[in-house]
Amino acid sequence: MKLQTRIVHAGQEPDPGTGAIMPPIYMTSTYVQEEPGIAPSGYEYTRASNPNFTIVENLLASLESGHFATIFSSGLGGLTAIVSSLNPGDGVVALQGVYGGTFRLFNSVFSRFGIKFSQVTPDKLEEALKQKPKYLLFETPTNPLLDIYDIEAFSKLAHKYGVEVIVDNTFATPFNQNPFEFGADHVWHSTTKYLGGHSDVIGGVVITNSHEMKQKLDFARKALGLNPSPFDAWLVNRGIKTLGARMRLHNENALKVAEYLSKHPKVAKVYYPGLSQHPQAHVAKKQMRGFSGIVSAEFNLSLEETKKLVSSFTLFALAESLGGVESLVCHPASMTHASIPPEVRKEIGLSDGLIRFSVGIEDADDLIDDLKVSLENRVPHPQTMSV
Ligand SMILES: *Cc1c(COP(=O)(O)O)cnc(C)c1O
C-alpha cells in the first residue's frame with residue numbers, strides 16, 4: 001500500500017468489542033488473568049504495554065517500513081531506552097548538530113555511568129568510528145541550521161567498522177524521509193513534533209528491524225518506567241491520521257517563507273534544504289521527498305534587535321518546540337541554545353541574529369504578511385490581524 005493510505009489505515013482495526021471505528025482509550029493499569037501468569041490478551045500491566053501502545057506502534061513501524069516500534073513517554077525517553085542497554089565503557093558517536101536534550105542526556109547523565117559520548121564533524125567521523133563505538137547517531141536535517149547528512153554514505157562508513165546507525169528523523173518525518181531505505185539500523189523520533197502535530201502531547205518512538213533491539217526497548221520501557229499514558233498514545237495515533245495532509249502544507253509554506261526571506265535585504269542567510277543554494281541540496285533531493293516546515297534565517301541584527309523582532313510577530317508565536325499546525329518562532333541564542341557559551345555558539349555557526357521558524361499550516365500569504373509587517377514596518381493586512 002502507498003504511504004498516504006498507510007498513514008490513515010496501518011495498524012487501525014475497528015474495536016473488536018463494539019465496532020467503534022476509532023480505538024477506545026484503554027485507561028487501565030492492569031488486565032485480568034485467567035490463571036496466574038496467563039493473560040489471554042497478552043497484556044499484563046500498562047508500564048509494560050497497553051492496546052493503545054500497540055495500535056500506534058504498528059502504525060509507526062509501517063510508516064518507516066520497519067519491523068518493530070516501541071513508543072515512549074517522550075523522545076528523550078526513547079533515547080534513554082537505547083542507551084540504557086549499553087555497558088560502562090561503551091561509546092556513542094554523534095555527528096555535530098544533535099538536539100540539546102540529546103547532548104545533555106549523554107553529558108550530564110550517562111557520562112556518570114561510564115558511557116562515552118563524542119560529537120564530531122564529518123571529516124573526523126572515520127577516526128571516531130575506529131574506536132568501535134556501539135552507535136553512530138545523527139539528525140538530518142539538523143537543528144537549527146538545517147544541515148543535511150548523507151544517510152547512505154554515513155551508514156556505509158559506520159557499517160565498515162561494525163557500528164550501528166541511529167537516525168533521529170524528527171525534523172523530516174516519515175512523510176518526507178525513510179532512513180531505513182538508505183541503510184540506517186534504527187530510526188528515532190520525538191512524536192511531540194510533526195507526528196503528534198498539534199502541540200498537545202509529549203512522546204517518542206524507536207523503530208527497528210532488529211528483534212534483539214525491540215526486546216531491549218520493551219524491556220527498558222518496563223524496567224525504567226518510560227511508558228506514555230494510554231491517552232497520550234491515543235493522541236499520537238489520532239495526530240498521525242492527518243500527517244500527509246499537514247506535511248504537504250508544511251513543505252509548501254516553508255518553501256514560500258524561505259524564498260521570501262532569501263530575497264529580503266535584512267536577511268544575511270537562509271537555511272532551508274529545499275532551496276537550491278543549500279550546500280547539501282543534492283543530498284537532500286536524494287533522500288527526501290519534501291523538505292519539512294523548519295526554516296532558519298540569519299538577520300543583520302544585534303542580539304537585542306533580534307530579540308525584539310522575534311517578539312513582534314502576530315501569527316508566529318514565540319515558543320520552543322516545533323512541528324505543530326500553528327507557526328512558531330524561536331531565538332536559539334537566548335532560548336534553546338542559551339546554555340551554550342557565546343564563543344562556542346559562534347564557532348558552530350549559531351549567531352545572535354539567527355531565528356528559527358516552525359512554519360505552520362496557516363495560509364502562506366498571511367504568514368508572509370506577518371513577517372512583512374515586522375520586517376518592513378508595514379501596516380498589517382486587516383484579515384491577518386483579525387484572527
Ligand atoms: C524535541 C526533539 C527531541 C526530544 O524529544 P522530546 O519529545 O522533547 O523528549 C529529540 N530530537 C529532536 C530533533 C527534537 O526536535
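The values are calculated or read from the model by the stated rules, or taken from the named source; none is laboratory data. The structure displayed is predicted, hence computed values, not measured ones. We place every Cβ from the backbone using ideal geometry, glycine too, and count neighbours over all the protein chains shown.
Details
- The residue of the stretch 14-40 that is farthest from the chain's Cα centre (by Cα), among those that are charged (D, E, K, R) and part of a loop (DSSP other than H, G, I, E, B), is E34.
- Out of V83, V92, sole residue that is in contact with a helix residue (DSSP H, G or I) (Cβ under 6 Å, 6 or more places away or on another chain) and among the aliphatic types (A, V, I, L, M): V83
- Candidates E212, E164, E181, E152, filtered to the one that is free of Cβ contacts under 8 Å to residues at least 12 places away in the same chain and over 18 Å from N50 (Cα atoms): E212
- Of residues in the stretch 286-307 being outside any loop (DSSP other than H, G, I, E, B) and closer than 13 Å to T140 by Cβ, the one nearest to the chain's Cα centre (by Cα): I294
- Segments classed as helices (runs of 4 or more DSSP H), wholly inside the stretch 168-281, with at least 1 members that are surrounded by fewer than 19 Cβ atoms within 10 Å (Cβ to Cβ): 211-224, 230-240, 243-262
- Residues satisfying the stated conditions in the stretch 344-387, i.e. more than 23 Å from K269 (Cβ to Cβ), among the hydrophobic types (A, V, I, L, M, F, W, C) and modelled with pLDDT of 95 or more: I361
- Qualifying residues in the stretch 101-119 (those that are closer than 23 Å to S155 by Cα and within 13 Å of the ligand (Cβ to nearest atom)) - the one surrounded by the fewest Cβ atoms within 10 Å (Cβ to Cβ): F103
- Close Cβ contacts (under 7 Å, 6 or more residues apart or on different chains) running from residues in the stretch 27-48 that are among the charged types (D, E, K, R) to residues that are part of a loop (DSSP other than H, G, I, E, B) comprise E34/P40; E44/Y31; R47/G225; R47/N227.
- Of note, G77 does not satisfy the criterion of being outside any strand (DSSP E or B) and touching a Ser or Thr at 6+ places or on another chain (Cβ under 6 Å).
- Note on the stretch 77-97: residues that are surrounded by fewer than 20 Cβ atoms within 10 Å (Cβ to Cβ) and within 12 Å of the ligand (Cβ to nearest atom) total 0.
- Identity of the residue in the stretch 129-163, within 16 Å of the ligand (Cβ to nearest atom) and charged (D, E, K, R), that ends up nearest to the chain's Cα centre (by Cα): E139
- Positions within the stretch 282-309 being within 18 Å of F180 (Cα to Cα) and among the basic types (K, R), in sequence order: K285, K286, R289
- Checking the stated criteria, T336 turns out to be part of a loop (DSSP other than H, G, I, E, B), in contact (Cβ under 8 Å) with a residue 60 or more places away in the chain, β-branched (V, I, T) and within 16 Å of the ligand (Cβ to nearest atom).
- In this structure, I55 does satisfy being away from the ligand (no atom under 15 Å from the Cβ), touching a residue at least 40 places away in the same chain (Cβ under 8 Å) and in a helix (DSSP H, G or I).
- Of all the criteria given as (1) in contact with a helix residue (DSSP H, G or I) (Cβ under 8 Å, 6 or more places away or on another chain); (2) surrounded by fewer than 19 Cβ atoms within 10 Å (Cβ to Cβ), the one not satisfied by G293 is (2).
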